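Peer 1: What follows is a single structure, and I will ask about it in a moment.
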Amino acid sequence: MIRFSSDQIVEELRIFSDKLAQGAKTLGDLGEIETGVSPRDPVYQEDKLILYRYQPRVAEPHPVPLLIVYALVNRPYMMDLQDDRSLIRGLLDAGVDVYLIDWGYPDADDQPLTLADYIHRYLGHCVDHLREQRQLAAINLLGVCQGGTLSLCFAALYPEKIRNLVTMVTPVDFHTPDNLLTHLIRHIDIDLLVDTLGNVPGQVLNFAFLSLSPFRLAGQKYVAVVDILDDAQAIKNFLRMEKWIFDSPDQAGEAFRQFAKDFFQQNKLVKNEVVIGGRLVDLRKITMPVLNVYASQDHLVPPAASKALATCCGSGDYSELSFRGGHIGIYVSARAQQEVPPAIAAWLLARQAPNKKGQKTAKRRVRNP
């Protein structure tokens with residue numbers, strides 16, 4: 001048993017008190033916590049959705065644009081959090097022409113929105129806008145987490161419109177044994193929840209996510225932050241993450257109802273049984289090149305849940321990229337900046353001859369990016 005003398009205890013308390021005092025000064029001098037650092041311009045808007053184009057960082061970006069589809073449950077600035085933690089900036093530096101959908105914040109008027117609205121209408125209109133603007137038969141699509149699942153549905157429904165598909169930490173098989181979120185949602189009466197609340201509050205979902213790793217996500221990090229209270233830059237980095245974590249939009253009730261029931265509870269996607277707006281989603285119709293990026297230590301989307309795509313899609317050019325990290329680290333860790341954007345860009349650019357409308361593309365069979 002470790003024993004502490006009274007003098008040691010007093011000294012520890014003094015040090016702790018000094019750190020808190022320094023932290024109060026540091027926090028008072030921080031100013032505004034900024035996120036989303038790369039310049040961008042709105043190019044299309046519909047209801048609360050805004051489609052942005054990020055300003056290129058090379059003289060001649062590649063002519064085939066990449067559209068990023070983020071999840072509905074969080075804000076997309078995680079992809080561009082700060083200067084040295086930006087997957088988007090890494091793609092721009094590699095010559096990719098990057099667009100991103102900002103879904104906005106649903107309110108009571110959006111409660112009737114369904115997955116058909118998000119996939120056929122909103123995502124479809126953004127894809128068609130870029131195709132028409134660039135005079136291309138197909139564009140590139142990058143789907144992130146839930147946005148990757150939406151992108152899989154779109155690519156299966158409209159394969160002729162997608163040139164190359166990239167999925168990141170994207171659930172495909174929602175019933176893998178290690179999928180804690182599914183185990184939680186399986187026991188919820190989704191109809192009662194939506195019928196009672198209408199839109200599902202973002203705070204409710206955020207609590208569910210944090211509860212999957214409560215010690216680390218809701219306790220340990222706040223104890224550890226005491227040790228960086230004298231470092232203004234470290235505190236800013238910490239608060240940027242906190243801002244993103246708790247910036248959780250409400251979820252349109254009907255879209256949430258279908259996603260929770262069809263995907264989480266009944267696992268219809270991997271069974272090719274999902275119906276969106278009267279049309280069956282058959283993953284075997286995804287025949288374009290696919291790069292599936294997953295995080296080996298992901299607690300929200302276990303690797304097995306993502307890797308199931310390999311046996312479900314119909315692509316003859318399917319590749320996987322494993323990142324040694326977690327669901328968030330794949331975007332913001334220093335190692336991720338060095339590994340992930342260059343790998344995605346290289347994979348895309350290796351498959352990129354501009355495809356004008358009516359022009360066919362050659363098939364490839366490659367397993368590694």
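The values are calculated or read from the model by the stated rules, or taken from the named source; none is laboratory data. These numbers were taken from a predicted model, which means no experiment stands behind them. Here Cβ is always computed from backbone atoms with ideal geometry, including for glycine, and neighbour counts include all displayed protein chains.
Peer 1: Tell me whether region 116-135 contains one or more residues that are under 29 Å from residue 342 (Cβ atoms), out of contact with any helix residue (DSSP H, G or I) (no Cβ under 9 Å at 6 or more places or on another chain), among the aliphatic types (A, V, I, L, M) and surrounded by 20 or more Cβ atoms within 10 Å (Cβ to Cβ).
Peer 2: Yes, region 116-135 has at least one match.
Peer 1: Identify, please: which residue in region 227-284 is of a type in the set (Lys, Arg) and surrounded by fewer than 19 Cβ atoms within 10 Å (Cβ to Cβ) and is, among those, farthest from residue 195 (Cα to Cα)?
Peer 2: My answer is 236.
Peer 1: Follow-up. Count, please, the residues in region 151-190 that happen to be in a strand (DSSP E or B) and among the hydroxyl-bearing types (Ser, Thr, Tyr).
Peer 2: Taking region 151-190 as the starting set, the residues that turn out to be in a strand (DSSP E or B) are 162-168.
Keeping just the survivors that are among the hydroxyl-bearing types (Ser, Thr, Tyr) gives 167.
Counting residues in region 151-190 that are in a strand (DSSP E or B) and among the hydroxyl-bearing types (Ser, Thr, Tyr) gives 1.
Residues checked against (1) in contact with an Asp or Glu (Cβ under 6 Å, 6 or more places away or on another chain); (2) charged (D, E, K, R):
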| position | (1), (2) |
| --- | --- |
| 88 | yes, no |
| 96 | no, no |
| 108 | no, no |
| 112 | yes, no |
| 119 | no, no |
| 122 | no, no |
| 134 | no, yes |
| 160 | no, yes |
| 165 | no, no |
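Peer 1: Still on this structure, please answer the following. If you go through region 136-149 one residue at a time, do you hit one that is part of a helix (DSSP H, G or I), modelled with pLDDT of 95 or more, surrounded by 24 or more Cβ atoms within 10 Å (Cβ to Cβ) and not polar (S, T, N, Q)?
Peer 2: Scanning region 136-149 turns up at least one residue that is part of a helix (DSSP H, G or I), modelled with pLDDT of 95 or more, surrounded by 24 or more Cβ atoms within 10 Å (Cβ to Cβ) and not polar (S, T, N, Q).
Peer 1: Only residues that are closer than 16 Å to residue 65 by Cβ and among the polar types (S, T, N, Q): list them for region 136-161, please.
Peer 2: Passing the criteria: 140, 151.
Peer 1: Same structure again: Here is a list of conditions, (1) in contact with a helix residue (DSSP H, G or I) (Cβ under 7 Å, 6 or more places away or on another chain); (2) in a loop (DSSP other than H, G, I, E, B), and residue 320 meets all of them except one; can you say which number that is?
Peer 2: Among (1) in contact with a helix residue (DSSP H, G or I) (Cβ under 7 Å, 6 or more places away or on another chain); (2) in a loop (DSSP other than H, G, I, E, B), the lone unmet condition for residue 320 is (2).
Peer 1: Looking at (1) under 23 Å from residue 287 (Cβ atoms); (2) surrounded by fewer than 22 Cβ atoms within 10 Å (Cβ to Cβ), which is the only condition residue 166 fails?
Peer 2: Result: residue 166 fails condition (2) only.
Peer 1: Same structure, new question: Looking at region 302-317 only, could you name the residues that are out of contact with any helix residue (DSSP H, G or I) (no Cβ under 7 Å at 6 or more places or on another chain), touching a residue at least 12 places away in the same chain (Cβ under 8 Å) and not in a loop (DSSP other than H, G, I, E, B)?
Peer 2: 303, 304, 305, 306, 307, 309, 310
Peer 1: Kindly indicate the residue of region 158-203 that is over 30 Å from residue 126 (Cα atoms) and among the acidic types (Asp, Glu) and also nearest to the chain's Cα centre (by Cα) among those meeting that condition.
Peer 2: 178
Peer 1: From the list 106, 63, 42, 112, which one is surrounded by fewer than 17 Cβ atoms within 10 Å (Cβ to Cβ), part of a loop (DSSP other than H, G, I, E, B) and modelled with pLDDT of 95 or more?
Peer 2: 112
Peer 1: For region 198-210, state whether one or more residues are modelled with pLDDT under 80 and in contact with a Phe, Trp or Tyr (Cβ under 8 Å, 6 or more places away or on another chain).
Peer 2: Yes, that holds for at least one residue.
Peer 1: Filter region 66-103 for residues that are small (Gly, Ala, Ser) and either under 19 Å from residue 352 (Cα atoms) or buried (at least 22 other Cβ atoms within 10 Å of the Cβ) (or both) and give the result.
Peer 2: Those that are small (Gly, Ala, Ser) and either under 19 Å from residue 352 (Cα atoms) or buried (at least 22 other Cβ atoms within 10 Å of the Cβ) (or both): 86, 90, 94, 95.
Peer 1: Kindly establish whether residue 92 is within 18 Å of the chain's Cα centre (by Cα), not in a loop (DSSP other than H, G, I, E, B) and not aromatic (Phe, Trp, Tyr). It would help to see each step written out before you state the result.
Peer 2: Values: within 18 Å of the chain's Cα centre (by Cα): yes; not in a loop (DSSP other than H, G, I, E, B): yes; not aromatic (Phe, Trp, Tyr): yes.
Yes.
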